[in-house]
Amino acid sequence: MSFLHINLKESYRSSEDNVIENFYLPILQGAVLYRRAVGYFSSSALIDISKGISGLLRNNGKIQLIASPNLDKEDIEAIHKGYSEREKLIENKIIKELKSEKSYYEKERLNYIAHLISNQQLDIKIAFLNNGENKNIGLYHEKIGIVYDHEGNRIAFNGSLNETHSAFINNFESIDVFFSWNGNDINRVNNKESDFEKLWNNETKNIEIIDFPHLCRQELMNFKKDTLAEEKELYKLNKATEDNQDLPFIPHEVKLYDYQEKAIQVWEEQNFQGIFNMATGSGKTFTSLGGLVRLSRHLNYNIFIVIVVPYQHLAEQWSDEVQVFNFDPIIAYSSSSQRNWRRKLRDAVIDFNLGLSKVVTLISTNATYMTDFIQKQLSKVKGEVVLVVDEAHNFGAASLSEFLLPSIKYRLALSATLERHQDEEGTNKLYDYFGEKCIDYGLKEAINDNKLVKYYYKPIVTTLNETELENYITLSKEIGRNMIDKGNGKKELNTRGKKVALERSRLVAGAINKIEILKELLLKNEQPFEELKHALVYCGATTLYDFDSNEDSNEQVKQIEAVMSLLGHELGIKAAKITAEEDMSERKKLLTKFSEGHDIQTLVAIKCLDEGVNIPEIDKAYILSSSSNPKEYVQRRGRILRKAPNKHTAVIYDFITLPRSLDTVRNIPLSQLNSDYSLVLKEIVRIREFAELSLNPYEGLGLIDEIKKVYSITDEVTDLI
């Protein structure tokens, strides 16, 4: 759209105008270039530059930004010590600012900036005063903007809109506007354009321009999300926060589906106790937050909310999500981004008991929740408390179940699969405490309702080699000797048997043939390696023998390291591993690069991705090490099937491990195959589970029929498993 067709004023005042809707959105909707000098570099400055740029993002416009580092007197004195120290100090200062605590609104604004950088639509330069030989370093404060449309029309303006949390409510802001097609303004526009170009090209006397530090750019990319919130909705959210006096609410941009609304309604009918059994990716978190808003209203906004999650990265994800609903979280774990969380929690308990705070929200990891400090603080709370447990199946374990406090009246369990594998007692504890299911929304429903993408299932048969098979048979016999008869036809492994069973599972997970078969699969792929992206390889927490094919070597190699060596060294695929070893910051950077699909083409992961990590871009997965635990392979599928832009289907390559080749089974008496059946039947269960919901069920079900025929397994047997 040409600027000539927009009804614009010569000045805008926040007391009279909606500057976002009446100025920024219209002019940037059709802009092809946006030049801006914003004074100090800060999160607020970036938020300032992000106003209205959704249109510019869509039409591939460009932004050039100049800012000055926000240095204090001590910083400036330190810069005088030398050039190299100056750049490092500026870099550290900017990173510190970007790492400071951000509200949901601020994060969404910075998400726009990260998208611009990712699309190479934003270039940033740093400016400061440099008085030549005197070496007097100062700060550049000028605030100007110049916007260009496709016809060459230009708009220049002075001033800025400071979008702090309450900018639209409490602050008076103003800008003055000049138009290149207005004869009275043309000289001003030309002068500002000339001034900016000199600045940008480092030609302005006593001002030095340097490129934006690379590490600072990486820090900004941590704010990048898969989607962008609508500009008008962000404005409404910011204003609604003030209008609702910091009470929780369901924001305008969040639309709960019918099944989510029904789950909340059932939870209320069950006196706000129950279980949300929902497939990974189907909206458990938003459903629970909608429920917490409902409960808050029911209790006249006097509620102490405790949300417990298994991992630190989940605590941070929940922190982002709860702020969407206007909850203000205290984030409790050892390395929390809120370093003063203990003091905040103590003060919050006191304020809540005195009636000074109406709604308190605590987000804690499982480990921190069990500490004496947290338990002592919760024991002091006088009033209504609700306990929300994410990945609640974990709380069936003896070490955690004792912290399911009976004094807490309101309870909500979240899980894709609440039933604990081979732990009936632990499962019963969960149902006894949380009550009945409010919703049972599985993968089938989520796929059919288009909440998850459809997928193709490719079962890839692998077998144990001769040495592995011998060890497998030996371990199987040992397991049989450690089985206890529990009566009523039930048998159970003793402690020794459980240990041996775990060893056998790891042997199967680490079968050496899987590495070579993975290589063959990748080489057969018609897609060139340089075009490969958004792939995931699931490994087991296991080791391999004879990885280097050296018969004299008994050295063990972790499966994940073997895969990394194959991908990176042999095939030249850009891969990164995600394990429990990476800290939060490093993991965030890896996932951002993977989402972009350039620097990292493939993720190689182990169990830490089973719960909570959201990487919707994954469209193909190679599962080298699967599990007989339904919880784990349900979670893994949900993780792979999350929806993302331009993602229509996913492909799952599932490495099926059989004790021996099906061709050789035909020549072996059935009496010698007793040790095979345990593994074979477990693999049949998983193949059937994956195949039945896939776009090509015949492929997996056909393999089951072949296995059953070779092993003489009847339909009656498979119907029972």
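The values are calculated or read from the model by the stated rules, or taken from the named source; none is laboratory data. Worth saying up front: this structure is predicted, and the values here are computed from it rather than measured. Note that each Cβ is placed from the backbone with ideal geometry, even for glycine, and that neighbours are counted across all protein chains shown.
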Matching option when the condition is surrounded by fewer than 19 Cβ atoms within 10 Å (Cβ to Cβ) and either more than 30 Å from residue 446 (Cα to Cα) or more than 26 Å from the chain's Cα centre (by Cα) (or both), among 354, 404 = 354
From the option list 358, 409, 376, 380, single residue qualifying as basic (Lys, Arg) and either touching a Ser or Thr at 6+ places or on another chain (Cβ under 8 Å) or under 22 Å from residue 323 (Cβ atoms) (or both) is 358
Tell me, please, whether a residue that is surrounded by fewer than 20 Cβ atoms within 10 Å (Cβ to Cβ) and either within 30 Å of residue 586 (Cα to Cα) or not acidic (Asp, Glu) (or both) can be found in segment 305-312.
-> no
Between a first residue in segment 507-524 that is over 16 Å from residue 558 (Cα atoms) and a second residue that is aromatic (Phe, Trp, Tyr) and surrounded by 18 or more Cβ atoms within 10 Å (Cβ to Cβ), which pairs have beta carbons less than 8 Å apart while being 6 or more apart in sequence or on different chains?
-> 517/655; 521/622; 521/653
Taking segment 264-284 and the residues there that are buried (at least 24 other Cβ atoms within 10 Å of the Cβ) and polar (S, T, N, Q), the one that is modelled with the highest pLDDT would be 282
Please identify the pairs in which a residue from segment 217-242 that is modelled with pLDDT under 75 has its Cβ atom under 6 Å from the Cβ atom of a residue that is of a type in the set (D, E, K, R) and part of a loop (DSSP other than H, G, I, E, B), counting only partners at least 6 apart or on another chain.
-> 233/253
Out of (1) of a type in the set (A, V, I, L, M); (2) at pLDDT 75 or above; (3) in a loop (DSSP other than H, G, I, E, B), the odd one out for residue 38 is which?
-> (3)
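For segment 535-544, indicate whether the set of residues that are outside any loop (DSSP other than H, G, I, E, B), modelled with pLDDT of 80 or more, hydrophobic (A, V, I, L, M, F, W, C) and more than 23 Å from residue 218 (Cβ to Cβ) is non-empty.
yes
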Checked 410, 333 against criteria (hydroxyl-bearing (Ser, Thr, Tyr), modelled with pLDDT of 95 or more and either over 28 Å from residue 298 (Cβ atoms) or not assigned by TED's automatic domain parsing to the domain that holds residue 585 (or both)); the one match is 410
Residue 413 meets each of (1) farther than 27 Å from residue 268 by Cα; (2) in contact with a Phe, Trp or Tyr (Cβ under 7 Å, 6 or more places away or on another chain); (3) of a type outside the set (S, T, N, Q) with one exception, condition (1)
Taking residue 309, is it under 18 Å from the mean Cα position of the chain (by Cα), hydrophobic (A, V, I, L, M, F, W, C) and in the same structural domain as residue 296 (by TED's automatic domain parsing)?
-> yes
Residue identified as over 28 Å from residue 225 (Cα atoms), modelled with pLDDT of 70 or more and out of contact with any Gly (no Cβ under 7 Å at 6 or more places or on another chain) among 129, 89, 139, 98 | 89
Over segment 672-721, the set of residues of a type in the set (A, V, I, L, M) and more than 16 Å from residue 457 (Cα to Cα) is 673, 679, 680, 681, 707, 710, 713, 717, 720, 721
Pick out the one residue from 377, 338, 323, 317 that is under 20 Å from residue 416 (Cα atoms) and not β-branched (Val, Ile, Thr).
-> 317
Please find, within segment 414-462, the residue that is nearest to residue 514 (Cα to Cα) out of those that are among the polar types (S, T, N, Q) and not in a helix (DSSP H, G or I).
-> 462
